[in-house]
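Here is the structure we will look at.
The values are calculated or read from the model by the stated rules, or taken from the named source; none is laboratory data. Because the structure is a prediction, the values reported are computed rather than measured. We place every Cβ from the backbone using ideal geometry, glycine too, and count neighbours over all the protein chains shown. These area figures cover heavy atoms from the full protein model, side chains too; ligands, DNA and RNA do not enter into them. Shrake-Rupley method; radii C 1.70, N 1.55, O 1.52, S 1.80 Å.
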Amino acid sequence: MYLAGKWVGSDRTTEVLNPQDNTVITTVPAATAEDMLFAIEEAKKGAKKAANLPVHLRMTIINKAADYIEDRSEAYAVTISQEGSKTIKEARNEVKRCIQTLRLSAEEARRINGETIPFDQSENGENRVGYFYRFPIGIIGAITPFNDPLNLVAHKVGPAIASGNAIIVKPATVTPLSALLLAKAFDHAGLPEKILSVVTGNGRDVGDVLVTHPDVRMISFTGGLETGESIARKAGLKKLSMELGSNSPAIVLKDADIKQAVEACVSGAYSAAGQNCIGVQRIFIEEEAYADFKSSFLQKTAMYKVGDKRLETTDMGPLINEKEAIRVEKWVNEAVEMGAELLIGGKRDGAFYSPTVLENVPENCTIAREEIFGPVVLLYPVSDLQAAIEKSNDVNFGLHAGIFTKDIEKAFSAIHQLNVGGIMINDSGDYRIDGMPFGGVKGSGLGREGVKFAIQDMTEPKVVSFKLQNVGTQL
Ligand code: NAP
């Protein structure tokens, strides 16, 4: 692992498995609470170095890290695909996005601005001039999930370094290699020691130390709601950024281009084997378009190629492990036992789970309310837009939503009423660029990532006021 700028090993190790066949790719240190405490102690010195690093050097280092990754794109993609669920095609896309996230971070470093303050708006502000500027908060603890093991780490490391902070990453235990490769890029780029650590340990063993330590001033977490809530309860008085999950809705109105809607919803539902925080889970279709949409959606689902992640022709790989595939299977079976109809899929082979479509799913099924995080879609006919909006909002999540319609009034109606962090018109909610504000409401999280917005969270304003005596009158 990468501890305060040094590559270190340990006698205690964790195997990193390829979920496709459970072969061991390699082992990484199983860090202890003491390792994490050491990383924090060193990060205190790192935070000072980071804050004093001139912006032009921060930019150079981040861009060099991006260059390093660009030169080795295929190797990075192979690692993502080996340790995670993604097919090689999906993994290549993640590498591209990581490079973009880093370049954006370098760019945004020069735009961490303040503002002058018109103090004389108050009586007690006469004869004063001043401003606020943003300064780094110090040490950031970053906890990341398995499903985008490179780019989601870059979304924390890039903005943290751009804004002059030290950062300690605790990657998901099952996918630590991509995060270590990111550290390697920064190491090669000349990032001063102690600014970055990647501590490969189990959440239970090292998580609490990071989350509860008073010198860690912010926890930037991406992961599930349950873990997020438990971290929020323990963290105490520090900043929190919570990028959590969802069971995203897509609304298809009768005037929509059905072909376009089907294509977007199929890829939105099954990309990364459905292990995608903005993946499409619930589709509400106006009754008049339901039969058309359903038959075309099932046709496309049947054509989806599940198999070996290494092959260019594969559309979908396995879930992250067999345990997760068994959970998905259980939730689908529960829905079927409670009266849902299985239209296609529902088959498990080890960690692989076939693309699955259900209809008539009772409202009280787990799958109707929680995040499936697997390749399963629920279809619902609805009488009109209003019914679709109400059903979309009737869950404890609100990350992204999509609506397909040619009617601008209806699109705006959805924009105003859907309680989510992002709405895509004529696309599924599975759309993101790395420079837009990204995050959710309700159980989907707190705060926004998207480089510029993460930088906002990773810095604090500091106000400066000069009290003046005799500066003369203005012309
Ligand atoms: P998870 O189980 O919540 O784990 C996320 C991270 O938290 C892992 O690094 C995990 O470590 C760590 N962790 C677990 N217990 C901890 C503790 N007590 N203290 C500190 N850290 C702890 O999530 P996941 O299964 O990896 O990822 C799937 C979830 O992430 C889904 O809900 C998905 O929607 C969400 N997600 C959200 C976004 C977004 O941007 N909104 C993006 C991607 C994913 P271990 O691996 O060691 O357990």
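Numerical summary
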{"read-out": "Residue tally, condition open to solvent by less than 50 Å² (accessible area, probe 1.4 Å) and part of a strand (DSSP E or B), over segment 430-464", "value": "5"}
{"read-out": "Of all residues making up segment 380-408, the number that are within 29 Å of Met242 (Cβ to Cβ), in a helix (DSSP H, G or I) and of a type in the set (Gly, Ala, Ser)", "value": "2"}
{"read-out": "Test: residue in segment 172-192 that is among the basic types (Lys, Arg), in a strand (DSSP E or B) and open to solvent by 10 Å² or more (accessible area, probe 1.4 Å)", "value": "no"}
{"read-out": "Residues satisfying the stated conditions in segment 369-395, i.e. open to solvent by 30 Å² or more (accessible area, probe 1.4 Å) and in contact with a Leu (Cβ under 8 Å, 6 or more places away or on another chain)", "value": "Glu371, Asn393"}
{"read-out": "Those residues of segment 45-70 which are in a helix (DSSP H, G or I), surrounded by fewer than 20 Cβ atoms within 10 Å (Cβ to Cβ) and of a type outside the set (A, V, I, L, M, F, W, C), in sequence order", "value": "Lys45, Lys48, Lys49, Asn52, His56, Thr60, Asn63, Lys64, Asp67, Glu70"}
{"read-out": "Residues located in segment 196-243, provided they are part of a strand (DSSP E or B), of a type in the set (D, E, K, R) and within 12 Å of the ligand (Cβ to nearest atom)", "value": "Glu243"}
{"read-out": "Checking Val328 against (1) open to solvent by less than 10 Å² (accessible area, probe 1.4 Å); (2) more than 16 Å from the ligand (Cβ to nearest atom), the condition it does not meet", "value": "(2)"}
{"read-out": "Residue that is least open to solvent (accessible area, probe 1.4 Å) [pool: residues in segment 136-159 that are away from the ligand (no atom under 16 Å from the Cβ) and either touching a helix residue (DSSP H, G or I) at 6+ places or on another chain (Cβ under 7 Å) or assigned to a helix (DSSP H, G or I) (or both)]", "value": "Gly138"}
{"read-out": "Segment 306-326, subset free of Cβ contacts under 8 Å to residues at least 24 places away in the same chain and part of a helix (DSSP H, G or I), residue nearest to Gln82 (Cα to Cα)", "value": "Lys323"}
{"read-out": "Given (1) surrounded by fewer than 23 Cβ atoms within 10 Å (Cβ to Cβ); (2) outside the structural domain of Ala411 (by TED's automatic domain parsing); (3) without any contact (Cβ under 8 Å) to a residue 60 or more places away in the chain, number of the condition His213 does not satisfy", "value": "(3)"}
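Table: residues versus (1) free of Cβ contacts under 8 Å to residues at least 40 places away in the same chain; (2) within 18 Å of Gly141 (Cβ to Cβ); (3) within 24 Å of the chain's Cα centre (by Cα); (4) assigned by TED's automatic domain parsing to the domain that holds Gly164.
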| residue | (1), (2), (3), (4) |
| --- | --- |
| Val8 | yes, no, no, yes |
| Thr13 | yes, no, no, yes |
| Leu17 | no, no, yes, yes |
| Thr26 | no, no, no, yes |
| Leu37 | no, yes, no, yes |
| Ala51 | no, yes, no, yes |
| Met59 | no, no, yes, yes |
| Asn63 | no, no, yes, yes |
